[in-house]
Amino acid sequence: QMPQQGRAAPLMQPWRSPGEPQAPFSLPAPRWPVECEVIPETIEHIEWVPPKPEPFCPPMGPEQALYTFGEEQGTVVYHSSPVLQGSCFTRARVGGALGPLSSPAAPLEGPQDTTLLFESRFESGNLQKAVKVGPYEYVLMLRPDLYTAKHTQWFYFRVQNTRREPLYRFTIANMAKPKSLYGQGLRPLLYSQQDAQSRGIGWRRVGTDICYYRGSAGEPPMFRLSWTVRFPHDGDTCFFAACYPYTYSELQRYLRALAADAARSRYCTVRALCRSLAGNTIPLLTITSPGSTASKRVVVVSARVHPGESGSSWAMRGFLDFLLSPHEDAQLLRRLFIFEVVPMLNPDGVVVGNSRCSLAARDPNRAYGKALPSSFPGVWHLRAMVQRVLAEREVVLYCDFHGHSRKNNVFMYGCDAGGDGTGTRLRQRVFPLMLSKNAPDKFSFSSCKYQVQKSKEGTGRVSMWRLGVSHSYTLEVAFSGSTLGGRNSHFSVEDLESLGRLLCATLLDFCDPAPAKLQQCLVEADALLQRQMGREPGSGGSWSNVSPSELES
């Protein structure tokens, strides 16, 4: 039986009711759907920040796309048998499929065989098939989100048996989106095990002749991403990824270290918000200084509802690192607020390497309005928790961290329905404006939008706003990087983590009891809007009659 809305029922039989909150917090190994094969090796990567920013690559136009043979002419060198389309999730267990592992990679014919050995049956991996169409050219197919036939965008896979001399060409033939930052200079990430071990070098941007273009005519149309690359070593183990991977296991390691740290544990408790469909724990962190919480307001922050947006987890880690640090601003924030933080809303999607969906085969960030705890436990329990909190306290801010595949820089989506007075509508724009001042080389205020579209009613942002959280935002972090402050370069892990710290600084500015900063930003936001409408700043025009869609067109 499911708990009443918002009631944290004790969990008697965890395997029966995935949506119910559980009492003691434990971090067992990830649970996988029983159809998924999982290799036994632990995949871990070192962290590294490149000594200087990695520039965007001038992209090629589709007309320059290097000719790639059709897959028909090639040899299948890797095929990880897909889950039957149309089936749905039934059961999960630690380690995934029972029984001996299959061998999806074609065996090498001897030491002279230069065929790459592909693998992706590990956490967040999602390569389905590799076809060799030339001596050093491969066409790849990504596995769609489990139990769906679409949403291909994220990629993460391993290659072995590399050669240093030749130029390799890779083409992912089933990307889902018509537009992509790969058409604007984004480059894939490469990780070399040999470089990590001998030189301490981690993930880096690689690839030339990068091209994103429409592939086969068909419905729905598929898009192709091609790139050319040289491997740094012979006989290396390398990985490719769309963004810096951040797995559920990585989050668990972080939370274990946190639990073992006596100082940080004093003001941070880790509990289970609930369990996912597969039975993975969705952690909830409550962060505040010890002592009376009587007058404290609440800040709610979440991330990774979309598993393919791994940059949001690095921003979340930066946020947590700062908030749990001894820094005086962090101490002040803990004294002022209670933070409720859900760092990974969709662990099942992260584990299996989905781009967008949970194991319910739907986008959980469109399910807030009508979610059932049994199909979308994470978003249901998050919303119920916010509802409970609002009955007792003010929630000053809700912020949901995402990644964006089509626009550069960092920006926010807020909520302006157009029915409120000018003051309220301007105030929606103050937090993003303050963040743009704190992060001028990353955050683009002009890219922010505040329309509440009908198609977005089921999102966390709109749902929390409808509940009564007056400042409710989605923080969007480009998969690529920044074009601001003369940068034109990719975000490093350090850039992504700094966003979390900058969000904390902005929260202090936003809640400053001295009104000067707020006033200055209200005046500035007003002037920007007047200019957008083609009026003279200071002419005192009223906004109450201008719709958000008009303001943004």
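Within segment 485-495, at least one residue is within 30 Å of PRO51 (Cα to Cα), in contact with an Asp or Glu (Cβ under 8 Å, 6 or more places away or on another chain) and assigned to a helix (DSSP H, G or I). Only one of the numbered conditions (1) surrounded by fewer than 23 Cβ atoms within 10 Å (Cβ to Cβ); (2) more than 14 Å from the chain's Cα centre (by Cα); (3) not β-branched (Val, Ile, Thr) is not met by HIS404, and that is (2). Can you confirm whether LEU332 is at pLDDT 95 or above, open to solvent by 10 Å² or more (accessible area, probe 1.4 Å), outside any loop (DSSP other than H, G, I, E, B) and not assigned by the TED database to the domain that holds MET175? Yes.
Which residue out of VAL341, VAL270 is within 21 Å of LEU27 (Cβ to Cβ) and within 18 Å of the chain's Cα centre (by Cα)?
VAL341
Of the residues making up segment 148-164, those that are over 18 Å from the mean Cα position of the chain (by Cα) and crowded, with 21+ Cβ neighbours inside 10 Å are ARG158, VAL159, THR162. In segment 165-185, of all residues being of a type in the set (A, V, I, L, M, F, W, C) and assigned to a loop (DSSP other than H, G, I, E, B), the one that is least open to solvent (accessible area, probe 1.4 Å) corresponds to ALA176.
Check segment 302-322 and report whether any residue there is in a strand (DSSP E or B), open to solvent by less than 10 Å² (accessible area, probe 1.4 Å) and of a type in the set (A, V, I, L, M, F, W, C). Yes, segment 302-322 contains a residue that is in a strand (DSSP E or B), open to solvent by less than 10 Å² (accessible area, probe 1.4 Å) and of a type in the set (A, V, I, L, M, F, W, C).
Here segment 475-511 is the region considered, the condition is being open to solvent by less than 10 Å² (accessible area, probe 1.4 Å) and touching a His at 6+ places or on another chain (Cβ under 8 Å), and the residue that is farthest from LEU323 (Cα to Cα) is SER480.
Against the condition among the charged types (D, E, K, R), part of a loop (DSSP other than H, G, I, E, B) and touching a residue at least 24 places away in the same chain (Cβ under 8 Å), how does ASP512 come out, does it pass?
no
Of the residues making up segment 430-443, those that are open to solvent by less than 10 Å² (accessible area, probe 1.4 Å) and in a loop (DSSP other than H, G, I, E, B) number 1. Name the pairs: first residue in segment 485-506 and among the basic types (Lys, Arg), second residue open to solvent by less than 10 Å² (accessible area, probe 1.4 Å), Cβ to Cβ under 8 Å, at least 6 apart or on different chains? Partner pairs satisfying both residue conditions: ARG487/GLY481; ARG501/GLY318; ARG501/PHE319. Look at ARG393 and say whether it is among the basic types (Lys, Arg), assigned to a loop (DSSP other than H, G, I, E, B), at pLDDT 95 or above and buried (at least 24 other Cβ atoms within 10 Å of the Cβ). Here the answer is no, as ARG393 does not meet what is asked.
Candidates CYS448, CYS415: the one that is over 19 Å from the mean Cα position of the chain (by Cα) and either within 26 Å of TYR244 (Cβ to Cβ) or open to solvent by less than 30 Å² (accessible area, probe 1.4 Å) (or both) is CYS415.
Only residues that are of a type in the set (S, T, N, Q) and open to solvent by less than 50 Å² (accessible area, probe 1.4 Å) were counted across segment 451-474, and they come to 4. Taken together, the residues in segment 65-102 that are of a type outside the set (A, V, I, L, M), within 24 Å of PHE239 (Cα to Cα), modelled with pLDDT of 90 or more and not in a loop (DSSP other than H, G, I, E, B) amount to 3.
In segment 165-186, is there at least one residue being touching a Gly at 6+ places or on another chain (Cβ under 6 Å), farther than 18 Å from ARG356 by Cα and of a type in the set (Gly, Ala, Ser)? Yes - at least one qualifying residue is present in segment 165-186. For segment 94-120, a residue qualifies if it is in contact with a Cys (Cβ under 8 Å, 6 or more places away or on another chain) and open to solvent by less than 20 Å² (accessible area, probe 1.4 Å), and exactly one does: GLY96. Only residues that are at pLDDT 90 or above, out of contact with any Lys or Arg (no Cβ under 8 Å at 6 or more places or on another chain) and either more than 22 Å from CYS238 (Cβ to Cβ) or open to solvent by 80 Å² or more (accessible area, probe 1.4 Å) (or both) were counted in segment 38-64, giving 7.
Which of the residues that make up segment 335-351 are surrounded by fewer than 20 Cβ atoms within 10 Å (Cβ to Cβ) and either within 23 Å of ASN280 (Cα to Cα) or β-branched (Val, Ile, Thr) (or both)?
Once the filter is applied, which keeps residues that are surrounded by fewer than 20 Cβ atoms within 10 Å (Cβ to Cβ) and either within 23 Å of ASN280 (Cα to Cα) or β-branched (Val, Ile, Thr) (or both), segment 335-351 yields only ILE338.
The values are calculated or read from the model by the stated rules, or taken from the named source; none is laboratory data. Bear in mind the structure is a predicted one, so any value in this text is a computation, not a measurement. Backbone-built Cβ (ideal geometry, glycine too); neighbour counts: all protein chains shown. With ligands, DNA and RNA removed, areas are computed over all heavy atoms of the protein, side chains included. Shrake-Rupley method; radii C 1.70, N 1.55, O 1.52, S 1.80 Å.
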